[in-house]
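Please read the structure below before turning to the comments.
The values are calculated or read from the model by the stated rules, or taken from the named source; none is laboratory data. Predicted model only: the values in this text are computed from it and were never measured. Virtual Cβ from ideal backbone geometry, glycine too; neighbours counted across all protein chains shown. Please note that ligands, DNA and RNA were not included when accessible areas were found on the heavy atoms of the full protein model with its side chains. Shrake-Rupley method; radii C 1.70, N 1.55, O 1.52, S 1.80 Å.
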Amino acid sequence: MQLPSASKYAWPTTLFLFVLAATPIFGCVTPFVAASAAAAGTMERRAGALTVLACWSANQALGFGFMGYPVDGYAIGWGAAIAGGAMLAWVAARMVARRGATLVQIAGGAALGFIAYEGSLYMVALAFGGLGTFTPKIVLTILANDALWLAVLMAAYAVLSSSAPQLFGRRLRLA
């Protein structure tokens, strides 16, 4: 039986670890849009989708298991909504950026992904409450957080793919 090559798991694992590290620091503003756009532009479809779901799962496990998220229907419902939003962000980002995308395409995918993510969560808030978290200041803070994380993730990918292309794939191109 042949073991899968490390290159199949190197970048998804690295991306997962970045998001895992962000969870205790940022809690409810974990950079799901940045992770979704990075996965969309650097991974095959299945690996990207599974990586986004793994990031969300780890975030929820840490949140409910160690960070004191309340275990009630409202919090669990919002957790499910965030999973849906993260997957919508990934789908939207993939419409612009697929594996091997340029940095400009990944940024465009992230912009579309942000609209999908925040839009889907806004619709949930309309139905179940929580519109207070959609003030312009809060939404812009989340946008800035995701933009910064996307820059960090893409810088990490650029360094890793340049130094170890056999593990992390082809180098990131600007345009």
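Of note:
- Residue list for segment 116-129, restricted to those being in contact with a helix residue (DSSP H, G or I) (Cβ under 7 Å, 6 or more places away or on another chain) and of a type outside the set (Ser, Thr, Tyr): 116, 118, 121, 124, 125, 128
- Scanning segment 13-47 for residues that are of a type outside the set (S, T, N, Q), over 19 Å from residue 169 (Cα atoms) and outside any helix (DSSP H, G or I) yields a count of 1.
- Answer from 69, 74 - the residue that is at pLDDT below 95 and under 21 Å from residue 123 (Cα atoms): 74
- Taking the numbered list (1) out of contact with any Gly (no Cβ under 7 Å at 6 or more places or on another chain); (2) closer than 29 Å to residue 125 by Cα; (3) among the small types (Gly, Ala, Ser) in turn, residue 6 passes all entries but (2).
- Residue 169 being surrounded by 15 or more Cβ atoms within 10 Å (Cβ to Cβ) and either modelled with pLDDT of 90 or more or within 25 Å of residue 26 (Cβ to Cβ) (or both): no
- Test: residue in segment 23-39 that is within 20 Å of residue 147 (Cα to Cα), touching a residue at least 60 places away in the same chain (Cβ under 8 Å) and among the hydroxyl-bearing types (Ser, Thr, Tyr): yes
- Any hit, segment 48-61, residues being part of a helix (DSSP H, G or I), of a type outside the set (A, V, I, L, M), over 13 Å from residue 83 (Cα atoms) and over 12 Å from the mean Cα position of the chain (by Cα): no
- Tally, over segment 157-166, of residues that are under 20 Å from the mean Cα position of the chain (by Cα) and open to solvent by less than 20 Å² (accessible area, probe 1.4 Å): 2
- Some residue of segment 111-122 being on the phi > 0 side of the Ramachandran plot and either outside any helix (DSSP H, G or I) or open to solvent by less than 40 Å² (accessible area, probe 1.4 Å) (or both): no
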